[in-house]
1. Quick one: is residue 79 in a strand (DSSP E or B) and hydrophobic (A, V, I, L, M, F, W, C)?
2. When you check residue 110 against the structure, is it aromatic (Phe, Trp, Tyr) and within 22 Å of residue 42 (Cα to Cα), yes or no?
3. Residue under question is residue 95, and the condition is that it be crowded, with 16+ Cβ neighbours inside 10 Å, assigned to a strand (DSSP E or B) and not hydroxyl-bearing (Ser, Thr, Tyr); does it hold?
4. Select, from 106, 86, 138, the only residue that is within 19 Å of the chain's Cα centre (by Cα), surrounded by 14 or more Cβ atoms within 10 Å (Cβ to Cβ) and free of Cβ contacts under 8 Å to residues at least 40 places away in the same chain.
5. From the residues in the range 41-60 that are assigned to a loop (DSSP other than H, G, I, E, B) and touching a residue at least 60 places away in the same chain (Cβ under 8 Å), which one is surrounded by the most Cβ atoms within 10 Å (Cβ to Cβ)?
6. Looking at 131, 115, can you tell me which residue is in a loop (DSSP other than H, G, I, E, B), over 20 Å from the mean Cα position of the chain (by Cα), on the phi < 0 side of the Ramachandran plot and modelled with pLDDT of 95 or more?
7. Can you confirm whether the range 74-81 contains a residue that is of a type outside the set (D, E, K, R) and either under 13 Å from residue 29 (Cβ atoms) or in contact with a helix residue (DSSP H, G or I) (Cβ under 7 Å, 6 or more places away or on another chain) (or both)?
Amino acid sequence: MRRLSFFSVLIALAGALALPGAAAASSAFQVATKIDHCQFTGGAHGRGYVELKVRAREVGTSGTNYFLVLSQRQESSGLAFGTAATWPKETSSKFPNNSTSYFHVTDRRYDFTKNDEVSNRLVITVKFKNNAGDVLATRTVKGSAC
């Protein structure tokens, strides 16, 4: 009998510990990677390219009315990554704070212009904003180093 109740407690505890992960997956502020690609041939100059595509999504009545997207290309010489270039800020269309979920897709690509000796990656940051301009959440996706 004691052994059965001990296992019941363990099962309940395991379920409770698994809940935060499930709750995080159901966040109202989501960014999913659609493409994270690096290629060393082809592209606009024949030397390859790096591409990162993300889909930002707000779920339900999160308070979000639009997305602000910041994108950059980073280079690393082996010690750390630093910003080499940025794209202009991108703002999605505005939408109401209702029970409908809204999304915005951003696709960034950098075609290598020379035989790059340094490692490159793309970074996209999505800010979930309300009509007052307040940031409700921020999500950052770092593409694979290439």
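The values are calculated or read from the model by the stated rules, or taken from the named source; none is laboratory data. The shown structure was predicted, so the numbers you read here are calculated from the model rather than taken from an experiment. Quick reminder, even Gly has a Cβ in these numbers, built from the backbone with ideal geometry, and neighbours come from all protein chains shown.
1. Working: in a strand (DSSP E or B): no; hydrophobic (A, V, I, L, M, F, W, C): yes.
Here the answer is no, as residue 79 does not meet what is asked.
2. Numbers: aromatic (Phe, Trp, Tyr): yes; within 22 Å of residue 42 (Cα to Cα): yes.
Criteria met by residue 110.
3. Numbers: crowded, with 16+ Cβ neighbours inside 10 Å: yes; assigned to a strand (DSSP E or B): no; not hydroxyl-bearing (Ser, Thr, Tyr): yes.
The answer is no for residue 95.
4. Working: 106 fails: free of Cβ contacts under 8 Å to residues at least 40 places away in the same chain; 86 fails: surrounded by 14 or more Cβ atoms within 10 Å (Cβ to Cβ).
From the options 106, 86, 138, the qualifying one is 138.
5. Initially, the range 41-60 is screened for residues assigned to a loop (DSSP other than H, G, I, E, B), giving 41, 43-46, 48, 59-60.
Right, trim to touching a residue at least 60 places away in the same chain (Cβ under 8 Å) and you get 43-45, 48.
Numbers: 43: 17, 44: 12, 45: 11, 48: 19.
Here the answer is 48.
6. Details: 115 fails: modelled with pLDDT of 95 or more.
Result of the check over 131, 115: 131.
7. Narrowing the range 74-81 to residues of a type outside the set (D, E, K, R): 74, 76-81.
Subset that is either under 13 Å from residue 29 (Cβ atoms) or in contact with a helix residue (DSSP H, G or I) (Cβ under 7 Å, 6 or more places away or on another chain) (or both): none.
Within the range 74-81, none of the residues are of a type outside the set (D, E, K, R) and either under 13 Å from residue 29 (Cβ atoms) or in contact with a helix residue (DSSP H, G or I) (Cβ under 7 Å, 6 or more places away or on another chain) (or both).
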